[in-house]
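Participant: One structure is given below, represented as structure tokens, and several questions about it will come after.
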């Protein structure tokens with residue numbers, strides 16, 4: 001059984017290993033800076049990704065990149081931005097749990 005210290009180490013590892021985010025328009029991926037990575041009171045690690053494309057477009061995907069340049073997670077989406085002034089905030093939640101079996 002993992003202790004609370006071990007679970008906290010896993011959460012901290014996630015915070016340290018995520019480097020940047022990217023969003024996809026058509027077939028092109030664009031780099032964006034992560035707004036923050038927080039550990040919530042529930043233990044969930046939340047990665048906040050603000051997206052401001054500066055033009056009307058449809059965002060087809062969002063992904064997180066590790067410090068090694070590897071894709072850690074990717075989410076397909078279809079978010080329509082109709083006004084260049086519009087920004088969105090997307091987030092990824094990671095919940096670290098242990099299953100006793």
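Participant: Hey, does segment 21-31 have a residue that's surrounded by 14 or more Cβ atoms within 10 Å (Cβ to Cβ) and not in a strand (DSSP E or B)?
Facilitator: Within segment 21-31, not a single residue is surrounded by 14 or more Cβ atoms within 10 Å (Cβ to Cβ) and not in a strand (DSSP E or B).
Participant: Does residue 96 fit the bill of being under 18 Å from the mean Cα position of the chain (by Cα) and in a loop (DSSP other than H, G, I, E, B)? Let's see the steps before the verdict.
Facilitator: Values: under 18 Å from the mean Cα position of the chain (by Cα): yes; in a loop (DSSP other than H, G, I, E, B): yes.
Yes.
Participant: Of everything in segment 32-53, what is loosely packed, with under 12 Cβ neighbours inside 10 Å and closer than 21 Å to residue 76 by Cα? Give them in sequence order.
Facilitator: If the condition is that a residue be loosely packed, with under 12 Cβ neighbours inside 10 Å and closer than 21 Å to residue 76 by Cα, then 33 is the only one that fits.
Participant: Does residue 7 meet the test of being touching a residue at least 60 places away in the same chain (Cβ under 8 Å) and either more than 12 Å from the chain's Cα centre (by Cα) or more than 25 Å from residue 83 (Cβ to Cβ) (or both)?
Facilitator: In short, yes.
Participant: Which one of 97, 77, 58 is free of Cβ contacts under 8 Å to residues at least 24 places away in the same chain and touching a strand residue (DSSP E or B) at 6+ places or on another chain (Cβ under 8 Å)? Walk me through it before giving the result.
Facilitator: On the way: 97 fails: touching a strand residue (DSSP E or B) at 6+ places or on another chain (Cβ under 8 Å); 58 fails: free of Cβ contacts under 8 Å to residues at least 24 places away in the same chain.
That would be 77, the only listed residue that is free of Cβ contacts under 8 Å to residues at least 24 places away in the same chain and touching a strand residue (DSSP E or B) at 6+ places or on another chain (Cβ under 8 Å).
Values in this text are rule-based calculations from the coordinates and carry no lab data. Everything numeric here is computed off the predicted structure, so don't read it as measured data. Note that we place each Cβ from the backbone using ideal geometry, even for glycine, and neighbour counts take in every protein chain shown.
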